[in-house]
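Let me give you the structure first, and then I'll get to my questions.
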Amino acid sequence: MGAGKSSVGRELARRTGRFFLDADALIETAQGEAIHAIFDERGEEYFRELERESARWMAECVRGSIISTGGGMPTVVERLRDIGTVVYLQLPFEKILRRISADERSKRPLFHNAAETKRLYAERQSIYEKQAHITIDADRPVEAIVEEIIQKLSAS
């Protein structure tokens, strides 16, 4: 969260002529409620199962699109790399905190306690690195990030 997945994903899709999908928005649409409500009413494990289901659907039905996953998806979908090229937008935790307003943090179920969120961030970093085909420094303008992704994709 806060690394720029949606902004970068939309711009990358625009520049490459591909469709952009936001996995969290897909889940919210399918469930008819916001993620924070799903967490509050049914719990985190239920939401993680929804992430696994959406990953299975994307693996079967979506080809050639730019997909922004939620921050937890790489931790619960072991074979995320099989869906497509995984790009990890790496950003220090302190920069993430500065990018996300207090109002926006209040809507994020796992962001209510900054110390716990920082612990979760540290725990997830190695998972993100393992899942990624490409790791990008996200502490730059969106255009620079997108340009680097395009260059790295064309080189592979």
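No value in this document is a laboratory result; all are computed from the given coordinates. Small disclaimer: the values here were computed from a predicted structure and weren't measured. Cβ coordinates were reconstructed from backbone atoms using ideal geometry, including for glycine residues, and neighbour counts include every protein chain displayed.
Rounded to the nearest 500, what is the chain's calculated 222 nm mean residue ellipticity when only DSSP H runs of at least 4 contribute -39500 (n - 2.57) each, over all residues? Let's see the in-between values first.
Working: 9 runs with 95 residues, N = 156.
Per the formula, -18000 deg cm²/dmol.
So, one more: I want to check the label-to-label distance for residue 114 and residue 139. Put each point 7 Å from Cα in the C-beta direction and report it in nm to one decimal.
If labels sit at residue 114 and residue 139, their model points lie 1.8 nm apart.
Name the lysines eligible as straight-distance cross-link partners of residue 107: C-alpha to C-alpha under 27 Å, and not fewer than 8 places from it in the same chain.
Qualifying lysines at Cα under 27 Å: 5, 95, 118.
Right, something else. May I ask for the distance between the Cα centers of segment 1-67 and segment 104-123, given as a whole number of Å?
Value for the Cα centre distance between the two parts: 19 Å.
Relative to the Cα centre, what is the charge dipole magnitude of the chain, using +1 at the beta carbon of each Lys and Arg, -1 at the beta carbon of each Asp and Glu, and rounding to the nearest 20 debye? Could you put the intermediate results ahead of the total?
Values: 24 positive and 26 negative charges, 93 e Å.
For the chain, the charge dipole is close to 440 debye.
Which one, (i) 53; (ii) 42; (iii) 45, gives percent of Cα pairs over 21 Å apart as derived from the coordinates shown?
Step by step, percent of Cα pairs over 21 Å apart for this structure corresponds to label (iii).
On a full-extension model of 0.36 nm per residue, what is the gain between residue 31 and residue 100, subtracting their alpha-carbon distance, rounded to one decimal in nm?
Working: separation 69, 0.36 × 69 = 24.84 nm, distance 2.51 nm.
Taking residue 31 through residue 100 to full extension adds about 22.3 nm, to one decimal.
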